[in-house]
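Undergrad: First, the structure itself, so that you have it in front of you.
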Amino acid sequence: MSHRAQPAPAAHGVAGAAGNAPFRVGLLGHGTVGSGFSALLAQRADEIERFNGRRPVISGILTRSQGDFDEILQGADLLVELIGGIEPARSYLLAAMRAGKDVVSANKQLLSQHGEELFETAREHGVRLRFEAAVAGAVPIVRVLEESLSATPIERVHGIVNGTTNFILSEMYNGSSYAQALADAQAKGYAEADPSDDVSGRDAAAKMAILARLAFGSPVHLDDVHYEGIEHLHGDDLQYARELGLGLKLIGTAERRQGGLSVRVYPALLYSGHPLASVQGPFNAVTIESETIIEITMSGPGAGGPQTASAVLGDVVSVMTGGARPPAPPLELPIIKDVDSAFYVHMEVADRPGVLAALMHALGEHGVSIRSVVQRGMDESARLVMVTHAVPESSLRAAIDQVAQLDFLRGAPRTIRVIEEEFI
Ligand SMILES: NC(=O)c1ccc[n+]([C@@H]2O[C@H](COP(=O)([O-])OP(=O)(O)OC[C@H]3O[C@@H](n4cnc5c(N)ncnc54)[C@H](OP(=O)(O)O)[C@@H]3O)[C@@H](O)[C@H]2O)c1
């Protein structure tokens, strides 16, 4: 006898209220994630019905060539948006929530640019807006921040939230050039034909805006996130990092600073004991820090159709079981732009007496002090690699602008932030 003949009673109000009627999921978008989601839902429907009492079914699919939005909306208990981009995804989600429907989306660009409008609409209409798959793919960081740690005052969230750049940097660390590593990422399907959102840091910035909103409850727009990518990194920066025993990662940071919030994405050197230093290849990882919980790190596949689809289905099940609530009203914390950091500074200079003293003087005028220096001779010039103590970024930039004018410089200085904490 099939176990569907006698469904288990629903444990929560949402499923119980509708008895054993199927739970109708309207699907907007049927590409990489959408098709993975509909296949996974069909595969998992028996099991979901067994513990939930209702069977999830796809009640309609919208793509550019099939389906009618209004009909799909009317015939669904919940809509899943897997179209991507701003429009028409935004209008569809707003219309669904205004019609009293819960929604699930994987759309980081939309949430990082129109999050407040979506949250406000969800609140106003008392519906759930779930978006686990918008950040870090299969890593359940959204739910952990929204639910498990909702009573924990979070100080900082550090993340590797872009698998493409982590793969490229891992390959460069092992000796590949940037161009080779990018071509390899494209061949393996980790990078799109146009990788600009990934390598510029914009994709990670969108995800950090979403994580910051969840961790601190304050609105953070993509435009509030200062981001830098990995295109300007040189192979020899990675070689120096290896020599210094440091990892080099594209890091997103969202943290409380000076009574406000700082959210940024930047390549950073990390000591080998840092929980993010060992994350290799296309994986994502997020570390949450708080006095109460010390530190928690979660890692796993950051993208991919089946992995992302599994996060989307998890959201659907969470709504079915009544496990999610409408978003809370926002707090308003100011965005802090100028934050302290230690820096790695790479310079090529003429190899002649007095150069180091002149450099130290120029840096010292802006309050930049040096923690360590390595010097290498190269024919007529020398390569200097310094690590500074923590200094406001604006002071470092002013110092580097002044240094760049010195006549013994052989090229533009390069800088990379250093995350100084050593975890034992
Ligand atoms: N791919 C990943 O690994 C991944 C990971 C995390 C998050 N995400 C997010 O998941 C979402 C979907 O990504 P994806 O990779 O599955 O995208 P995709 O493969 O490009 O699929 C997009 C789907 O949306 C449909 N669509 C596009 N414009 C539409 C319109 N105007 N009206 C109706 N349907 C439209 C497309 O229809 P046609 O079939 O007619 O073209 C297609 O079925 C995005 O928000 C993305 O950021 C993706």
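The values are calculated or read from the model by the stated rules, or taken from the named source; none is laboratory data. Everything numeric here is computed off the predicted structure, so don't read it as measured data. Heads up, the Cβs are rebuilt from the backbone with ideal geometry, glycines too, and the neighbour counts pull from every protein chain shown. What goes into the accessible areas is simple: the full protein's heavy atoms, side chains included, and nothing from ligands, DNA or RNA. Shrake-Rupley method; radii C 1.70, N 1.55, O 1.52, S 1.80 Å.
Undergrad: Inspect region 182-193 for any residue being buried (at least 22 other Cβ atoms within 10 Å of the Cβ) and not in a helix (DSSP H, G or I) and give the result as yes or no.
TA: Yes, region 182-193 contains at least one residue that is buried (at least 22 other Cβ atoms within 10 Å of the Cβ) and not in a helix (DSSP H, G or I).
Undergrad: Let me ask you something else. Among the residues of region 80-109 satisfying the criterion of being within 12 Å of the ligand (Cβ to nearest atom) and in contact with a Lys or Arg (Cβ under 6 Å, 6 or more places away or on another chain), which is least open to solvent (accessible area, probe 1.4 Å)?
TA: So the residue we want is Val104.
Undergrad: Determine if region 226-240 includes at least one residue that is within 30 Å of Arg371 (Cα to Cα) and part of a strand (DSSP E or B).
TA: Checking region 226-240: at least one residue is within 30 Å of Arg371 (Cα to Cα) and part of a strand (DSSP E or B).
Undergrad: Tell me which residues, restricted to region 220-243, are more than 14 Å from Thr415 (Cα to Cα) and at pLDDT 95 or above.
TA: Selection gives Val220, His221, Leu222, Asp223, Asp224, Val225, His226, Tyr227.
Undergrad: Out of (1) surrounded by fewer than 19 Cβ atoms within 10 Å (Cβ to Cβ); (2) farther than 19 Å from Met320 by Cα; (3) away from the ligand (no atom under 13 Å from the Cβ); (4) among the small types (Gly, Ala, Ser), the odd one out for Ser65 is which?
TA: In the conditions (1) surrounded by fewer than 19 Cβ atoms within 10 Å (Cβ to Cβ); (2) farther than 19 Å from Met320 by Cα; (3) away from the ligand (no atom under 13 Å from the Cβ); (4) among the small types (Gly, Ala, Ser), Ser65 misses (3) alone.
Undergrad: Can you name every residue in region 207-225 that is open to solvent by 40 Å² or more (accessible area, probe 1.4 Å) and not in a helix (DSSP H, G or I)?
TA: His221
Undergrad: Turning to a different aspect of this structure: May I ask you to list the residues in region 294-336 that are under 21 Å from Asn166 (Cα atoms), among the polar types (S, T, N, Q) and either within 13 Å of the ligand (Cβ to nearest atom) or open to solvent by less than 50 Å² (accessible area, probe 1.4 Å) (or both)?
TA: Selection gives Gln307, Thr308.
Undergrad: Here's another thing I want to ask about it. For region 256-269, state whether one or more residues are open to solvent by 10 Å² or more (accessible area, probe 1.4 Å) and of a type in the set (A, V, I, L, M, F, W, C).
TA: Scanning region 256-269 turns up no residue that is open to solvent by 10 Å² or more (accessible area, probe 1.4 Å) and of a type in the set (A, V, I, L, M, F, W, C).
Undergrad: Within region 40-62, count every residue that is of a type outside the set (Val, Ile, Thr), touching a Ser or Thr at 6+ places or on another chain (Cβ under 9 Å) and open to solvent by less than 70 Å² (accessible area, probe 1.4 Å).
TA: The total comes to 3.
To keep it simple, each residue is scored yes or no on (1) modelled with pLDDT under 95; (2) in a helix (DSSP H, G or I).
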| site | (1), (2) |
| --- | --- |
| Ala285 | no, no |
| Thr292 | yes, no |
| Met298 | no, no |
| Ala303 | yes, no |
| Thr308 | yes, yes |
| Ala311 | no, yes |
| Asp315 | no, yes |
| Gly323 | yes, no |
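Undergrad: Tell me, which helices (runs of 4 or more DSSP H) lie completely within region 24-113 with 2 or more residues that are modelled with pLDDT under 95?
TA: In region 24-113, the matching helices (runs of 4 or more DSSP H) lie at 32-52.
Undergrad: Which condition does Glu291 not pass, out of (1) open to solvent by 30 Å² or more (accessible area, probe 1.4 Å); (2) within 16 Å of the ligand (Cβ to nearest atom); (3) among the acidic types (Asp, Glu), if it passes all the others?
TA: Result: Glu291 fails condition (2) only.
Undergrad: Going through region 337-369 one residue at a time, which ones are in contact with a Ser or Thr (Cβ under 8 Å, 6 or more places away or on another chain) and buried (at least 16 other Cβ atoms within 10 Å of the Cβ)?
TA: Val339, Ala342, Phe343, Tyr344, Val345, His346, Glu348, Val349, Asp351, Leu363, His366, Val368, listed by residue number.
Undergrad: Does any residue in region 302-327 that is at positive phi and of a type outside the set (S, T, N, Q) come within less than 7 Å, Cβ to Cβ, of a residue that is assigned to a loop (DSSP other than H, G, I, E, B) and within 11 Å of the ligand (Cβ to nearest atom) six or more places away or on a different chain, and which pairs are these?
TA: Here the result reads Gly304/Gly137, each pair linking region 302-327 to a residue that is assigned to a loop (DSSP other than H, G, I, E, B) and within 11 Å of the ligand (Cβ to nearest atom).
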